[in-house]
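Read the figures in this text as sums done on the coordinates, not as results from a lab. The structure displayed is predicted, hence computed values, not measured ones. Note that we place each Cβ from the backbone using ideal geometry, even for glycine, and neighbour counts take in every protein chain shown.
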Amino acid sequence: MQPWLLLGLLLPAIAGAGYPFRRRIYAFAGAAFFAPLLQPVGEGERPAYFSYRSAINPFTISTLGFTGPGASDTARVLALAALEEHADDALLVLPRCAAMSLFGLSEDELLDESAAGLFIPGNLDAALAYLETELAIRQGGRNAPARRLLLVADCEKESERIRKLVARHPGDVSAVLLGDWPAEQATVNEDGLVTLPPDLADRLPQQFPAMSRSEARDRLRAAIEAQRPKKPAYPRRSSRR
């Protein structure tokens with residue numbers, strides 16, 4: 001059976017399933033279509049340094065495209081801001097291709113990761129299908145406090161789908177986009193200086209720090225580790241002689 005047909009059959013069940021289960025289903029959706037076009041980080045990249053810690057709120061924007069030589073660094077910083085600074089109330093949705101290009105993850109790395117603030121679906125289509133389903137369920141009367149959703153991805157050919165999704169759910173989902181985003185864009189030069197649209201000039205810093213894939217990957221792993229449930233420490237029994 002074709003993967004897209006299987007996904008179509010699964011969608012009704014996914015909509016009624018629990019929140020973690022829905023994330024797991026979409027994490028594997030689209031795997032048959034995904035090709036490892038981007039290679040993971042090699043050993044030659046500079047080591048990671050944990051000198052910069054973000055105080056940036058990526059949820060001050062709804063959708064914004066980034067272009068220029070510093071665009072990828074800026075996307076990394078904004079993604080980590082959601083994961084580190086908003087760990088208790090945000091979910092970073094990072095399609096596998098973006099995880100590879102921005103963070104240097106391999107095609108099968110972190111497939112079983114269950115960190116509360118991070119979800120890595122198989123591709124952009126699976127990411128958007130997950131967001132559409134999750135937000136529709138929330139709109140249907142779910143009472144539990146919901147995490148804010150941040151999509152960080154190349155918009156590929158899904159610009160209109162992303163635009164409609166964010167317009168339907170203002171305040172619930174934001175998108176940091178690379179690629180040919182046709183709406184509002186910010187240009188980031190090689191020094192991290194940002195030229196923002198006039199109406200967004202006071203929502204983000206005027207300059208972002210440089211951040212390599214090596215540093216971003218280590219920061220990502222550290223944030224995941226910090227969000228893992230702590231196992232209870234059991235006292236050791238003293239052996240009697």
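Of the GluC sites (Glu not before Pro) in the range 162-233, which ones lie in a loop per DSSP and count no more than 14 other C-beta atoms within 10 Å?
Listed in order of number, the matching sites are GLU190.
Taking Cα centroids, how far is the range 123-140 from the range 150-215 in Å? Answer, in whole Å: 19.
Rg then Dmax, both in Å and based on the Cα atoms of the range 112-201: 14.8, 46. Extension gain, ALA183-GLU160: 0.36 nm per intervening residue step, less the Cα-Cα distance, totals 7.3 nm. Ranked by the mean number of other Cβ atoms within 10 Å of their residues, highest first, the peptides 67-73, 122-128 come out as 122-128, 67-73.
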